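Just so it is clear, none of the values below were taken in a lab; they were calculated from the coordinates. As the structure is a prediction and not an experimental result, all values here were calculated from the model. Every residue, glycine as well, gets a Cβ built from its backbone with ideal geometry; the counts of neighbours run over all protein chains shown.
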């Protein structure tokens, strides 16, 4: 009688654990998502017209998409710019500049062959700026669409033990409007829906299994090719990422944690036609754009089903150097923290 009771108890405990594990993992990621207060593509407000490769949407179980398979990623972001900075410190905000950016980007990847993957990024943007002079102005709509091709390079030797090494090249198209709002004074270039010009974007990414986890990383280089029709040109951006992914089987077999670091260099924008106030410019160089940034980014990835994955990441600033001019209170509106929530669907 006692032995049967013990067996029944152990069986019930195993059943409870099977149900509790997924619930606990889902709760953990949900809490992480609830903590996401701010998000943005570029670190500096001057880079809001740019685009980046969503490396965080990489499905680490399949670093390279097999032939004839596709991957859909939805990256949801929200940014609230309520600080005014130059260098690493805050400035007085004489113009009362505040802003919010809501952006949802659909990333479509397709395995064209064993070595080639093609990608399209389609962002929908809603930007709103508040100033003492102009009040509230907004721009919304489809942003700059980007198209990429990525080639899988196989190493000639096994020393690096890379499972995936990819080189890519993309182009950002000027599909986003730069004439918003249509019923009043135009927003500055950083808060338009698009950049109004073509960019070339070389990329590199790699993936290597290590111990029970994986090492991954990449490089993104956005090279502006021209001035837009208003004579404005966004500065180039170079971002380097390196991170590790480690399975959290002690919580749930489908849950893993990540920790990555990223360094971003963003150059100053150029305003050839003087559309911005003179105090913001030194010749054609726009003083309150660009900078240097280093971030640590913890995250979690939960495989909800065979095809669906959810990923949450929060970037913590370690070093920030916002371009500006403290002597004349020329700074940049900036967020406190950066985060992203990504849903990934893989199918055939």
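Please give the FRET efficiency for residue 211 paired with residue 345, using the beta carbon to beta carbon distance and R0 = 35 Å, rounded to the nearest 0.05.
0.75
Please give the length that would be gained between residue 294 and residue 273 if that part of the chain were fully extended, namely 0.36 nm times their separation in residues minus their C-alpha to C-alpha distance (nm, one decimal).
Length gained between residue 294 and residue 273: 4.3 nm.
Hey, rough spin-label estimate for residue 261 and residue 329, points 7 angstrom out along Cα→Cβ, what's it come to in nanometres?
Each label point lies 7 Å from its Cα, and together they span 3.8 nm.
How do 296, 91, 225 rank when sorted from fewest to most other Cβ atoms within 10 Å of their own Cβ?
225, 296, 91
Could I have the simple spin-label model distance between residue 249 and residue 308, label points 7 Å from Cα toward Cβ, reported in nm to one decimal?
2.6
Taking 30 Å as R0, compute the FRET efficiency from the Cβ-Cβ separation of residue 284 and residue 198 and round it to 0.05.
According to the calculation, E is roughly 0.95.
Which log10 I(q)/I(0) values, to two decimals, does segment 134-235 give at q = 0.18, 0.20, 0.23 Å⁻¹ under the Debye formula with one point per Cα?
These q points yield log10 I(q)/I(0) values of -0.86, -0.96, -1.13.
Sort out for me the Cα centre separation of segment 259-302 from segment 71-144, rounded to whole Å.
Cα centres, segment 259-302 to segment 71-144: 13 Å.
Please find the FRET efficiency linking residue 132 to residue 318, where r is the Cβ-Cβ separation and R0 is fixed at 35 Å, and quote it to the nearest 0.05.
Computed FRET efficiency for residue 132 and residue 318 comes out at 0.60.
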